[in-house]
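In what follows, a structure is listed as structure tokens, so that the remarks can point back to it.
The values are calculated or read from the model by the stated rules, or taken from the named source; none is laboratory data. All figures in this text were calculated on a predicted structure; none of them were measured in a lab. All Cβ positions, even for glycine, are placed from backbone atoms using ideal geometry, and neighbour counts span all protein chains on display.
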Amino acid sequence: MTDNNPMLHDSQNPTESCSATPNPSKTTRNEQREDRRTVQNEQRQTYRQRPVRRAGSITMGIALIVCGLAIVLYYVVPGFNLIALAKFAPLILVCLGIEILWANARKGDALLKYDLLSMFLCFMLICGSAGVSLIPAVWQFYGPERSRIEARLQSEMEETLYNRLSTENIKEARVNLTLTDSNLNPNMTLSDLSAADYLHVSITFADDFTDATNFATACRSVLDKLNDSGIQQFAFYAQNDTDQWELWIDNIFQRNASVEQLTQEVSHNIYYFDGSEYYWLTEDEIAQREAQLAQQQQEQTEPAPEESAESTSEVYSEGESTEPQAVTEAVVSEGV
């Protein structure tokens with residue numbers, strides 16, 4: 001007999017009935033995941049379909065065109081000043097900023113992307129142009145043109161010294177000139193020298209001076225004749241077999257000092273022989289050297305105190321040892 005009651009059948013198999021019924025919470029989670037995936041895919045498709053605007057490509061193109069044309073003109077056009085054009089390289093940054101603002105204002109729904117490669121190339125162009133613009137300054141300050149100008153001005157100053165000091169008994173005159181200005185004029189003269197330029201003159205007299213006053217008088221005569229020459233520093237020398245005179249002038253007070261004042265600044269060296277070698281020394285140094293030599297000779301001639309005491313003790317000990325021996329010999333002879 002078969003039981004066809006469905007209610008009875010379900011009650012007899014509760015496990016099967018529960019497993020056949022779907023879980024509503026699990027179904028809801030799966031649907032939510034599918035919905036999120038669908039939304040994300042739609043957003044990706046929308047993002048990919050948006051037009052893209054690049055900022056920086058136009059500026060890079062213009063910079064490359066200008067740079068190429070400048071190089072061509074430098075080799076084709078004689079006298080084309082490439083350095084002057086390189087000074088306008090920072091305008092690349094201005095063009096790049098204008099392009100970014102223009103792209104932001106007109107992008108609309110488009111996607112804005114910055115062309116990093118273009119910006120890097122623009123930056124390299126600016127750095128290269130800045131380096132090129134510094135080349136003339138470095139070349140002008142350390143190049144051969146400065147050396148040629150200094151040599152020419154030194155020759156002119158030597159000629160000036162010869163013309164003004166022809167009556168003086170001068171053995172030699174040397175000029176040392178150093179220009180410090182970065183902007184040099186190839187046609188500059190001695191009158192164009194500034195206070196920052198270094199101009200030094202060394203003058204050696206041929207006279208044999210007997211004292212510092214005569215040497216200072218000769219220096220004062222030269223200073224009077226070169227008062228308006230623009231020379232800032234003087235060095236005066238004179239030397240014979242036994243004496244050496246020297247005077248340095250490096251400020252306006254010394255250049256206008258009297259003979260008496262210059263005499264106090266004169267340095268006098270004497271050719272001194274200490275018994276073994278020759279030296280150029282001042283009178284004070286000679287006095288100190290002679291005092292040291294005299295002290296050394298005195299120490300070598302005088303006996304040391306310790307040695308004299310030892311010799312005295314030795315003599316005393318010998319005297320004590322001889323007297324008893326003499327007395328003993330006398331007693332022995334009397335007894336015999």
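Side notes on the structure shown:
- Test result for residue 287, modelled with pLDDT of 90 or more and not charged (D, E, K, R): no
Table: residues versus (1) free of Cβ contacts under 8 Å to residues at least 12 places away in the same chain; (2) surrounded by 12 or more Cβ atoms within 10 Å (Cβ to Cβ); (3) not basic (Lys, Arg).
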{"site": "74", "(1), (2), (3)": "yes, yes, yes"}
{"site": "77", "(1), (2), (3)": "yes, no, yes"}
{"site": "86", "(1), (2), (3)": "no, yes, yes"}
{"site": "94", "(1), (2), (3)": "yes, no, yes"}
{"site": "100", "(1), (2), (3)": "no, yes, yes"}
{"site": "103", "(1), (2), (3)": "no, yes, yes"}
{"site": "115", "(1), (2), (3)": "no, yes, yes"}
{"site": "118", "(1), (2), (3)": "no, yes, yes"}
{"site": "123", "(1), (2), (3)": "yes, yes, yes"}
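- Region 221-243 - residue that is among the acidic types (Asp, Glu) and at pLDDT 90 or above and, of those, nearest to residue 173 (Cα to Cα): 224
- Qualifying position, being of a type in the set (A, V, I, L, M), touching a helix residue (DSSP H, G or I) at 6+ places or on another chain (Cβ under 7 Å) and more than 30 Å from residue 155 (Cα to Cα), among 270, 249: 270
- Residue count for region 164-215 under the criterion of being in a strand (DSSP E or B), at pLDDT 90 or above and among the β-branched types (Val, Ile, Thr): the result is 5.
- Residue, surrounded by the most Cβ atoms within 10 Å (Cβ to Cβ), within region 173-201, restricted to residues that are within 22 Å of residue 163 (Cβ to Cβ) and among the polar types (S, T, N, Q): 176
- Flag if residue 218 is surrounded by 10 or more Cβ atoms within 10 Å (Cβ to Cβ) and either more than 30 Å from residue 159 (Cβ to Cβ) or modelled with pLDDT under 90 (or both): no
- One residue from 204, 160 being surrounded by 13 or more Cβ atoms within 10 Å (Cβ to Cβ) and under 30 Å from residue 270 (Cβ atoms): 204
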